[in-house]
Amino acid sequence: MAFNQPATFNEEWSDKRVFAFLNHLPPEAVDADFHVLYDAYKHMRPFDYERLLVKFKELGRNVNALDSKGRTLAQVIAAHPSQNTAFLELLTKFS
């Protein structure tokens, strides 16, 4: 039987934890840069996401990477009714 870990909110993320997302491998046929951006978006607060984007750009990675439907992450986020403007502003800032 597995134990559930209680949810924690607003905890501090170390650089190690934030930057570990840079090494997440994508599923087959998914752009690696898009996968990192999307996966991090789903798990991080805007503050931590900005830290990731700084390192992401330093490594020469593509903030405008496309998903399998030819959309950038900003386009995917904007298409959701409950879009998060903080993330959209960050993606625009680093584009």
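Pairs linking a residue in region 17-41 that is part of a loop (DSSP other than H, G, I, E, B) to a residue that is of a type in the set (D, E, K, R), with Cβ atoms under 9 Å and 6 or more positions apart or on different chains, are 24/39; 26/33; 26/39; 30/67; 31/67. Checked against the criterion of being within 10 Å of the chain's Cα centre (by Cα) and at pLDDT below 95, the candidates 1, 44 yield just one match: 44. Of all the criteria given as (1) under 16 Å from residue 33 (Cβ atoms); (2) assigned to a loop (DSSP other than H, G, I, E, B); (3) of a type outside the set (S, T, N, Q), the one not satisfied by residue 80 is (1). Of the residues in region 63-72, at least one is modelled with pLDDT of 95 or more, in a loop (DSSP other than H, G, I, E, B) and under 11 Å from the mean Cα position of the chain (by Cα).
The values are calculated or read from the model by the stated rules, or taken from the named source; none is laboratory data. Please read these numbers as outputs of a predicted model, since none were measured by experiment. Neighbour counts run over all protein chains shown; Cβ positions are idealised from the backbone, glycine included.
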